[in-house]
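Report on the following structure.
Nothing in this text is a laboratory measurement; each read-out follows from the coordinates by a stated rule. Given the structure is predicted, the values throughout are model-derived calculations rather than measurements. Positions of Cβ are generated from backbone atoms using ideal geometry, with glycine treated the same way; all protein chains shown enter the neighbour counts.
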Amino acid sequence: MFADSLRFAAAMVTISVALADKPLSEAARPYAEKLPAGCIVTGERIGETVKYSEAGKPEPDGIAAEKRVFEIGSISKVFTGLLLSEAVLEKKVKLETNLKELLGKNFKFADPKVGEITLLQLSTHTSGLPRLPDNMGPDPDHADDPYGDYDRKKMEDFLSKVKLEKNGPYRASYSNYGVGLLGELLAGAYGKSWDALVKEKITGPLGMKDTMVEPGADQKKRLAPPYQGAKPGHSWTFEAFAGAGALRSTAADLLIFGQAMAEPDSTPLASAIKGMMETRAAYPDMGADIGLGIIIGKLDGRKEYIHSGGTGGYRSVLQVLPERKTVRVALINNDAVPAEAIVAATREDAKPGEAPEMNLAASELDAFAGIYELAPGARFTVLRHDKDLLVRLSGQTFLPVKPLGKDRFRYSAVVAEIQFAREAEAVKSLTLFQNGRELTAKRIEEKPPALIFTTAEDLNPYLGEYELAPGAIFKVTQADGILLAELTGQPAMPVFQTKPGYFEYDGVKAALEFQKDKDGRVTGLILHQNGSRPAKKRG
């Protein structure tokens, strides 16, 4: 997935009141009602029962939900992982085959350590290569079609000059470049394009007729148009990065693919699928493990296979729970809603339990204060405020937690608990227990912000609309004593006061500084992000 600087990368988990499962279509409905444009298509298979749904503003008209075509972005990485597994079985390559072997003696590496990177490391994000190369242009995260002209030559140019701090494998860190490179190398091993390999090795044998890189005439008629909030988005095209995000598909096809993962022995790709789904490395930043391109977590103590995707106006997720005989797919032609949140919302509402009365001194609570990183763009901020410990997940507000003893805390408002872990008496990590999942976040060196907590009445002067540019309006509201800032086409995000009139975002380097006249009335704001941009208050 790729997120704009003010569009936060979707957190892997939301702190919500939830317990048991509800239908995926029902979970999607509240998100669809808030979509300014586009729709949400869901597909869910439980046992032999298959259900599709569509909600929102679907277009074009007259297309069955399961046949509507969407870009699926990084779910393509799972297909590349399966191609690697198949290539190993066919003895085209080994998992331990390295770049030096595949690119030949004439390819020159500025750093020999890069030549030692293996195909396994590329597939598991443990190569040490960056998320994106530095020769994609000045600001690829904001480009309309960032991968469209990135060809094999550019990919090799970067590879020839990049340097690593040490030999791999590294701690897993998401790399679009690494998986794009893997796709190119596999295509080279077969002497075919990545697209042709996917057709020959995966979609053909599985009967997935609507999964492709370039849609045909009929598929173009069924393609849902991309949106970024209320504005039209941009379709993405791929050359050398095809293996990292080029595919388009439908809910029907992705359920076929997910069912093949749930029951590989019923397919002609049994050995390759099993090899792809085998745990290959730890992925601490996601609180999970990883196979060949597929994230492997736990839900209610059972294995969960999951991957999400996102391009310039689409969001998607595929979840496979083999032991529960369940496959879920959510496809959205708008980047305003993280598809993972819809899958997480399948857990039925429940009343939180009562936290037992237990008191800890302020000095004891201070030991837990810090920043705990779950994944890039997703982290917990833990603060002490008076006699309470408060916890916030990126993009959400602070919620109080009550001590249960032995470094364990329970949320007061939702069904979830947090367990802190120590090393040599120092708190080093926390684990969130919610909805059957266990997600661990590591404490980082960054200090938590010193926030100013105020009343709802104190925030009222800041409420209103501020024009940043024609068609770009900040709408500032509040909820439960937290200020929310919503830029046109983007979701409302909480901002937190670090000094009078100065409110910072969490997880992105941006802040809003409110301006006042000589009489103390709020007249505008300044957005501080890659410079300063003023916005005048309307009305």
| remark: Projected onto the charge dipole of the chain (unit charges on the beta-carbon of Lys, Arg, Asp and Glu, signs +1, +1, -1, -1), the Cα from 241, 502, 331 with the largest positive-side position is that of 241
| query | Given a Förster radius of 51 Å and the C-beta distance between residue 445 and residue 218 as r, what FRET efficiency does 1/(1 + (r/R0)^6) yield to the nearest 0.05? | reply | 0.40
| task | Please work out the Cα convex hull volume for the range 24-344 and give it in Å³ per residue. | result | 124 Å³
| query | How large is the dipole of the chain about the Cα centre if only Lys and Arg carry +1 and Asp and Glu carry -1, each at its Cβ, rounded to the nearest 20 debye? | reply | 500 debye
| note | Over all Cα pairs of the range 94-162, the Kirkwood radius sets Rh, and Rg/Rh then becomes 0.99
| What is the gain in length, in nm to one decimal, between residue 456 and residue 438 on full extension, counting 0.36 nm per residue of separation less the C-alpha to C-alpha distance? | 3.1 nm
| task | First select every other residue whose beta carbon is under 9 angstrom from the beta carbon of residue 110; then total the charges, Lys and Arg +1, Asp and Glu -1. | result | +2
| Do the sum for the chain: with -39,500 (n - 2.57) for every DSSP H run of n ≥ 4, divided by all residues, what is the mean residue ellipticity at 222 nm, to the nearest 500 deg cm²/dmol? | -5500 deg cm²/dmol
| request: With a ≥ b ≥ c taken as the square roots of the eigenvalues of the C-alpha gyration tensor of the range 456-537, please select rounded if a/c is under 1.5 and otherwise prolate if a/b is larger than b/c or oblate if it is not? | output: rounded
| field | Where a label projected 7 Å from the Cα of residue 142 along Cα→Cβ would reach, residues of the range 311-326 with amide N under 20 Å | value | 311-314
| Ordered by packing density, taken as the mean number of other Cβ atoms within 10 Å over each peptide's residues, highest first, how do 134-141, 247-254 rank? | 247-254, 134-141
| note | Sorted on mean Cβ neighbours within 10 Å (highest first), peptides 46-53, 172-179 come out as 172-179, 46-53
| Order by protection proxy (mean Cβ within 10 Å, highest first), peptides 462-471, 388-397 | 388-397, 462-471
| note | Labelled set (1) 29.0, 91; (2) 27.0, 88; (3) 23.8, 77; Rg and Dmax of the Cα atoms in Å computed from this model equals the value at (3)
| field | Charge sum, other residues only, whose C-beta stays under 10 Å from residue 45's C-beta, Lys/Arg counted +1 and Asp/Glu -1 | value | +1
| request: Set the Förster distance to 25 Å, then compute FRET efficiency between residue 271 and residue 152 from the Cβ-Cβ distance, nearest 0.05. | output: 0.25
| task | Mind giving me the nanometre distance, one decimal, between the label points for residue 469 and residue 57, set 7 Å out from Cα along Cα→Cβ? | result | 2.2 nm
| field | Equivalent ellipsoid, the range 362-443 (semi-axes from 5 times Cα gyration tensor eigenvalues, Å) | value | 17, 15, 13
